[in-house]
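Reviewing the structure listed below.
The values are calculated or read from the model by the stated rules, or taken from the named source; none is laboratory data. These numbers were taken from a predicted model, which means no experiment stands behind them. As a convention, Cβ positions derive from the backbone with ideal geometry for all residues, glycine included, and neighbour counts pool all protein chains shown.
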Amino acid sequence: MTVTKQPRRHACNRCRTHKPRCERSRGNLDVCDRCVRSRLTCVSSPTLPMGRLRSIHTKHRYSRKSYEKQSNID
């Protein structure tokens, strides 16, 4: 079984808030071009996996639906 790593977010905090593409030049990966142009400190919080976080209730909801289906069949 092969485990594939989920892509991670790499945008700085400012770009993540304003939702533009966070582009970093090849020579300097520590700061993004937008922060350089604005003369602001480019700060990146620890990255999180992309996508939605799964809710604990999602699992419960699906198991409940399958239980209800079985009850209707009987």
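Some notes on this structure:
- Flag if ARG34 is at negative phi, surrounded by 10 or more Cβ atoms within 10 Å (Cβ to Cβ), at pLDDT 65 or above and not aliphatic (A, V, I, L, M): yes
- Looking only at the stretch 37-53, and only at residues there that are surrounded by fewer than 14 Cβ atoms within 10 Å (Cβ to Cβ) and either modelled with pLDDT of 90 or more or of a type in the set (S, T, N, Q) (or both), the one that is nearest to the chain's Cα centre (by Cα): THR47
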